[in-house]
1. For residues that are closer than 16 Å to VAL43 by Cα and either of a type outside the set (Asp, Glu) or modelled with pLDDT under 95 (or both), tally how many sit in segment 87-102.
2. Those residues that are in a strand (DSSP E or B) and in contact (Cβ under 8 Å) with a residue 40 or more places away in the chain, I need them from segment 1-60; list them, please.
3. Where residues in segment 38-51 are under 15 Å from the mean Cα position of the chain (by Cα) and surrounded by 16 or more Cβ atoms within 10 Å (Cβ to Cβ), which of them is nearest to ILE5 (Cα to Cα)?
4. Suppose the filter is of a type in the set (Val, Ile, Thr), touching a residue at least 24 places away in the same chain (Cβ under 8 Å), farther than 23 Å from PRO128 by Cα and in contact with an Asp or Glu (Cβ under 8 Å, 6 or more places away or on another chain); does THR93 pass it?
5. Can you name the residue in segment 52-74 that is basic (Lys, Arg) and within 21 Å of SER7 (Cα to Cα) and, of all such residues, is surrounded by the fewest Cβ atoms within 10 Å (Cβ to Cβ)?
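The values are calculated or read from the model by the stated rules, or taken from the named source; none is laboratory data. Remember, it's a predicted structure, so these values are computed and weren't measured experimentally. Here the Cβ is made from the backbone with ideal geometry for all residues, glycine too, and neighbour counts use every protein chain on show.
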Amino acid sequence: MAIMIDSTQWISWIRKKIDPRPMLNPWLVRNSCFTCGIINLEVLRGIIQENQKNKFSNFFKLLYFIDIDKSMWDKASETAWELDRKGHILPLTDILIAQCCMNNNIWLVSQDKHFKFFKKLKLRSSLPVGK
């Protein structure tokens, strides 16, 4: 199982002063923990202390990084258009995060209510235990 941790989960851990490394270690050793530029940007911009920002910036380098290329932008545009027509006007950041996961068959760990509108997204509200 491969996972991507949504920005809201990272931010929650930071606010609660929880070190995510022990929880994520099973995925790190298998190169099964992913991130993307949108998540890194959302998380890092909100960190106030430079030493903590540097710590998380270095930690993100341990995760497998998914680039958002033209093809993914095109798919995200189509997904956004379809959701808009159904009355679900979602943040661009969430659309791109969901598209990264859907394109790469990755589970998204998030409690953000916006992600429930993506029918093909594999979504978890918490980390799987013991995986």
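1. Of the residues in that region, 5 qualify.
2. ILE3, MET4, ILE5, PHE34, CYS36 - these are the residues of segment 1-60 that are in a strand (DSSP E or B) and in contact (Cβ under 8 Å) with a residue 40 or more places away in the chain.
3. Filtering segment 38-51 for residues that are under 15 Å from the mean Cα position of the chain (by Cα) and surrounded by 16 or more Cβ atoms within 10 Å (Cβ to Cβ), the one nearest to ILE5 (Cα to Cα) comes out as ILE39.
4. yes
5. Looking at the filtered set, the residue picked out is LYS61.
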